[in-house]
Amino acid sequence: MAHSVSSVEASKSFGRISRQALERPLTITHHGHDSLVLMSHAEYMRLKSRDREVLSLSDFTDEDREAIAAARPAAEAAHFDDELRDH
């Protein structure tokens, strides 16, 4: 179950709320809609470390490039084909 509090509760009880967020991320809602996530610095850094890395062609081995060239999309991806067609 998602752990969340309203922005009013977060404002009034920031000390308690911030201690809870050290244990697990906490969603803060505003007018009933998810607005912010409060989390520990360690969790933030863990997530940031998973950001995408940009690679150039020279970063791939010959085997990597051959595997990419031979790869075929799964049948379930066919419904995206219309995005490649002119409308």
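The values are calculated or read from the model by the stated rules, or taken from the named source; none is laboratory data. All values derive from a computational prediction rather than experimental measurement. Using ideal geometry, Cβ is built from the backbone for each residue, glycine included, and neighbour counts are taken over all protein chains shown. Protein only, heavy atoms only, side chains kept; ligands, DNA and RNA dropped before computing areas. Shrake-Rupley method; radii C 1.70, N 1.55, O 1.52, S 1.80 Å.
Key figures for this structure:
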| quantity | calculated |
| --- | --- |
| Complete set of residues in segment 12-21 that are open to solvent by 90 Å² or more (accessible area, probe 1.4 Å) and either of a type in the set (A, V, I, L, M, F, W, C) or in a strand (DSSP E or B) (or both) | F14 |
| Segment 22-61, residues that are in a loop (DSSP other than H, G, I, E, B) and in contact with a Pro (Cβ under 7 Å, 6 or more places away or on another chain) | M39 |
| Residue count for segment 62-74, restricted to those that are open to solvent by less than 90 Å² (accessible area, probe 1.4 Å) and in a helix (DSSP H, G or I) | 5 |
| Any hit, segment 49-60, residues being in contact with a helix residue (DSSP H, G or I) (Cβ under 8 Å, 6 or more places away or on another chain), modelled with pLDDT under 95 and on the phi < 0 side of the Ramachandran plot | yes |
| Of all residues making up segment 33-61, the number that are touching a residue at least 24 places away in the same chain (Cβ under 8 Å) and open to solvent by less than 100 Å² (accessible area, probe 1.4 Å) | 2 |
